[in-house]
Amino acid sequence: MTATRRTTLLTPLEMAAVDRAAAASGIDSYGLMERAGRAVSASVLRHFPYAERVVVFCGPGNNGGDGYVVARDLAASGVMTAVYCLGDPQKLRGDARKAFENCGLVPSHLERYEPKAGDVLVDAIFGAGLDRSVPAEVDAAVKTVADAGIPVVAVDLPSGLDGRTGAVRGAAFIAAHTITFMTRKPGHLLLPGRDLCGAVEVVDIGIPWRIVSAAAGSLAENDPERWLAAIPRASASQHKFSRGHLAVFSGPANATGAARLTASAALRVGAGLVTLASPPDALEANAAHLTAVMLKEIADVGALKDWFDDSRLNAFVLGPGFGIGQKARDFTIALGEAGKSLVLDADGITSFRDDPTPLFKSFGGGPCRLVLTPHEGEFSRLFPDIAADAGLGKIDKAVRAAERANAAVIYKGADSVIAAPDGRAMINTNAPPQLATAGSGDVLAGIVGGLLAQGVPAFEAAAAGVWLHGEAAKRAGRGLTAETLFEAVEPP
């Protein structure tokens, strides 16, 4: 696959549009089903050459049709094969009916399956388009297979997973391998789906990429190919001011460490200058720990507005250790009204939990200048109605929040989603478990702020920051702390 194919994601609806467009172009749809089924059977033979029996669960649609092709090919290869079906296969239509008729194996009903030692299961009940709870027969089969420890190879997506959201619809198989077609779906990357898919293999079954790309929306996996061109390249003529000047707001004397982590990360990612804007009572504590980061006293919003006269000061981070309350709100609104770029994190976000309208208003209209970095709880405080909508997945929630706030939103988690006001979204997958540690978010805010200061647009800065954060965590290793994390940050 090319790089673009590697990171493109299709929702189930977009994949259905691809299938329709392929058929309309004259491509034999049954031929595509044959290729899909053969790819799955080849994967089963490759990964489970010593299986004593392969059991194929076939559903009532085209995913089941793929399963009947798999069963026919495996039986023809000399593999002991058994087929179990959900529903009446005589009611199948179109390509699925043809696959069933060509299979040559008589299926038993799903509820009659009894595990045997040496079984391998091919799950071809539902594909990626499932958006309802699985029926009782599938729920029972999932439990039976899990209790028996039967390895599962899933066709397209483990049955029971919602392909758009990665959510479990009642119950879902846990796959050792998943074979999907043309591109991955969001459910392969979003949790808990990512954990249930095992190793995901993407197979090109012969649909021209022009058809796939025409149906693709604005969703992708977060990867340097999606934002690297927006990062300014180093040149011999650069000086420190041409690489941007970032200001990070410190909290009071008893809460200065978080802002220093943020400032240090911004320097590591390439910002030319970083200044810690400190309240008077924290100047001494901050001065004792700073070297390359500069220090400036900013006591109140009046002093902040006076500082705006320095046109070289082009980006800000507010939130890490800052404190929750009116001061945070006043500083944020002043930055928005002055047209400044801002990463609003942690305490800065929570300060607007009672009424985020002034925040959205001050950064509304015009180009996106605001990056919000909420984790689950902060997201719920800032966007309570969106967070409470059970009909929305994580991508939908992040995109709606970005549109409302005119901000790039980093909806944090092990499957962070980065969204832009124009509907673009990316799912991040490179974050290791050790990132779940105190101070990790402060470092992320600094990376994003450092990129903003260098002139990187808000969405690209957010996406790049999240990815670079994950890579730094990998370099820092299992003993990661916030201090070792920012030291492992490298510019793109």
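Observations on the structure shown:
- The number of residues in segment 377-393 being open to solvent by 40 Å² or more (accessible area, probe 1.4 Å) and either closer than 18 Å to PRO186 by Cβ or touching a strand residue (DSSP E or B) at 6+ places or on another chain (Cβ under 8 Å) (or both) comes to 3.
- Selected residue [in contact with a Lys or Arg (Cβ under 6 Å, 6 or more places away or on another chain) and over 21 Å from VAL44 (Cα atoms)] from GLY129, GLY163: GLY163
- The requirement of being open to solvent by less than 20 Å² (accessible area, probe 1.4 Å) and either closer than 16 Å to VAL200 by Cα or more than 26 Å from the chain's Cα centre (by Cα) (or both) is satisfied by LEU32.
Yes/no per residue for (1) within 18 Å of ALA36 (Cα to Cα); (2) among the aliphatic types (A, V, I, L, M); (3) surrounded by 21 or more Cβ atoms within 10 Å (Cβ to Cβ):
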site	(1), (2), (3)
CYS58	yes, no, yes
ASN62	yes, no, yes
LEU74	yes, yes, yes
CYS103	yes, no, yes
VAL106	no, yes, no
ARG112	no, no, no
PRO115	no, no, no
LEU121	yes, yes, yes
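Residues are listed down the side, and each one gets a yes or a no for (1) open to solvent by 40 Å² or more (accessible area, probe 1.4 Å); (2) of a type in the set (A, V, I, L, M, F, W, C); (3) under 27 Å from LEU190 (Cα atoms):
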{"position": "SER41", "(1), (2), (3)": "no, no, yes"}
{"position": "HIS47", "(1), (2), (3)": "yes, no, yes"}
{"position": "VAL55", "(1), (2), (3)": "no, yes, no"}
{"position": "TYR68", "(1), (2), (3)": "no, no, no"}
{"position": "ALA71", "(1), (2), (3)": "no, yes, no"}
{"position": "ASP88", "(1), (2), (3)": "yes, no, no"}
{"position": "ALA96", "(1), (2), (3)": "no, yes, no"}
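- Taken over segment 337-368, the residue count meeting the criterion of being of a type outside the set (Ser, Thr, Tyr), open to solvent by 10 Å² or more (accessible area, probe 1.4 Å) and in contact with a Gly (Cβ under 7 Å, 6 or more places away or on another chain) is 2.
- Criterion (touching a helix residue (DSSP H, G or I) at 6+ places or on another chain (Cβ under 9 Å), over 22 Å from VAL269 (Cβ atoms), at pLDDT below 95 and not polar (S, T, N, Q)) met by exactly one of ARG478, ARG400, ARG404: ARG478
- Taken together, SER311, SER264 contain a single residue that is within 22 Å of LEU451 (Cβ to Cβ) and either without any contact (Cβ under 8 Å) to a residue 24 or more places away in the chain or of a type in the set (Lys, Arg) (or both), which is SER311.
- VAL142 vs. criteria of a type in the set (A, V, I, L, M, F, W, C), in contact with a Phe, Trp or Tyr (Cβ under 7 Å, 6 or more places away or on another chain) and part of a helix (DSSP H, G or I): yes
- Residues that are out of contact with any strand residue (DSSP E or B) (no Cβ under 7 Å at 6 or more places or on another chain), open to solvent by less than 10 Å² (accessible area, probe 1.4 Å) and part of a helix (DSSP H, G or I), drawn from segment 260-284: ALA265, ALA282
- With respect to the conditions (1) at pLDDT 95 or above; (2) under 30 Å from PRO186 (Cβ atoms), ALA263 lacks only one, and its number is (2).
- Residues that are among the basic types (Lys, Arg) and more than 18 Å from the chain's Cα centre (by Cα), drawn from segment 137-192: LYS143, ARG169
- The set of residues in segment 469-492 that are under 13 Å from ASN430 (Cβ atoms), surrounded by fewer than 21 Cβ atoms within 10 Å (Cβ to Cβ) and among the small types (Gly, Ala, Ser) contains only GLY470.
- Scanning segment 62-82 for residues that are in a helix (DSSP H, G or I) and free of Cβ contacts under 8 Å to residues at least 12 places away in the same chain returns a single hit, ALA76.
Conditions (1) open to solvent by less than 10 Å² (accessible area, probe 1.4 Å); (2) touching a Gly at 6+ places or on another chain (Cβ under 6 Å); (3) farther than 26 Å from ALA425 by Cα, marked per residue:
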site	(1), (2), (3)
GLY127	no, no, no
SER133	no, yes, yes
ALA140	no, no, yes
GLY149	no, no, yes
VAL152	yes, no, yes
GLY160	yes, no, no
THR180	yes, no, no
ARG184	no, no, no
LEU190	yes, yes, no
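The values are calculated or read from the model by the stated rules, or taken from the named source; none is laboratory data. Because the structure is predicted, anything quoted here is derived from the model rather than measured. No Cβ is skipped: glycine too gets one built from the backbone with ideal geometry, and neighbour counts run over all protein chains shown. Heads up: the accessible areas ignore ligands, DNA and RNA and are worked out on the full protein's heavy atoms, side chains in. Shrake-Rupley method; radii C 1.70, N 1.55, O 1.52, S 1.80 Å.
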